[in-house]
1. Given the options SER156, SER166, name the one that is at pLDDT below 95 and closer than 30 Å to PRO12 by Cβ.
2. Test GLY82 against the criterion of being surrounded by fewer than 18 Cβ atoms within 10 Å (Cβ to Cβ) and modelled with pLDDT of 95 or more, and give yes or no.
3. Given the options PHE50, PHE66, name the one that is buried (at least 24 other Cβ atoms within 10 Å of the Cβ), in a strand (DSSP E or B) and touching a strand residue (DSSP E or B) at 6+ places or on another chain (Cβ under 8 Å).
4. So is VAL78 under 19 Å from PRO186 (Cα atoms), within 15 Å of ligand 2 (Cβ to nearest atom) and not basic (Lys, Arg) or not?
5. Residues being crowded, with 21+ Cβ neighbours inside 10 Å and part of a loop (DSSP other than H, G, I, E, B): count how many of those fall in region 1-33.
6. Can you tell me which residue in region 86-117 is surrounded by the fewest Cβ atoms within 10 Å (Cβ to Cβ), limited to those that are aliphatic (A, V, I, L, M) and farther than 26 Å from ARG75 by Cβ?
7. Give me the residue from region 138-163 that is of a type in the set (Lys, Arg) and part of a loop (DSSP other than H, G, I, E, B) and, out of that set, surrounded by the fewest Cβ atoms within 10 Å (Cβ to Cβ).
8. Kindly indicate whether VAL135 is part of a helix (DSSP H, G or I) and either crowded, with 21+ Cβ neighbours inside 10 Å or over 16 Å from the mean Cα position of the chain (by Cα) (or both).
Amino acid sequence: PAGAQQWVPQHPRSIDELKSAAADCQGCELFADATQTVFGRGAPHAKVVFVGEQPGDVEDRRGLPFVGPAGHLLREAVDDAGLDPSDLYITNAVKHFRFETRGARRIHQSPGPAHIAACRPWLVSEFSLLKPQLVVILGATAGKALLGPSFRVTRSRGQLMPWPASAQHPEDFPVEDIQALATIHPSAVLRADDRDAAYQGLVDDLKVAAAAVA
Ligand code: URA
Ligand code: SF4
């Protein structure tokens, strides 16, 4: 398989149309072991689009992004930052769950550069319909998918950046003059030694996002 492109409709009219097409995607090997494609969800004309890494165990079973522990934490942070939850769309850089089986458990494995590249056409197609004002990049995988392999969250977080001008392949994004803001992934907050401080850092970054679209 050479990436998702051949499954992406050429002139999609809705996110639902993309989502149905993505259900059949075999653009990389991740479709084989995962339960289902987990596409983005949210307001079709959202001002703010969040991009995460890939669905987790709960998302893989339910077929919706950010409905597990990381999703609950993110929802709380969105509220605390004052972002309007009805004006958001949330998706992932990679749309199938990558995992390793240990006994009865499925252990999360980060997607590799090949999975990120293979799945990227879906992200581009989502942007073509959504035309958001602001893209919130949650963690390193989303950052690499959108801004290139040298992206580092710690260096860029909490700052508004021009986008897609600063992206790796700005020419393939069908949008102009929007902004991006990177922050840590909510799963990193869940794993942090000082969880309160990590949570506050996430909320502070999201407040910059809220102010940018107010
Ligand atoms: N982590 C992600 O990056 N995305 C999800 O949908 C769930 C957890
Ligand atoms: Fe297609 Fe992305 Fe799933 Fe790979 S991860 S099969 S490219 S939807």
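1. From the options SER156, SER166, the qualifying one is SER166.
2. Yes: the conditions hold for GLY82.
3. PHE50
4. Taking the combined requirement at face value, the residue does not satisfy it.
5. Number of matching residues: 3.
6. So the residue we want is ALA104.
7. The residue in question is ARG152.
8. Against the criterion (part of a helix (DSSP H, G or I) and either crowded, with 21+ Cβ neighbours inside 10 Å or over 16 Å from the mean Cα position of the chain (by Cα) (or both)), VAL135 does not qualify.
The values are calculated or read from the model by the stated rules, or taken from the named source; none is laboratory data. Worth saying up front: this structure is predicted, and the values here are computed from it rather than measured. Positions of Cβ are generated from backbone atoms using ideal geometry, with glycine treated the same way; all protein chains shown enter the neighbour counts.
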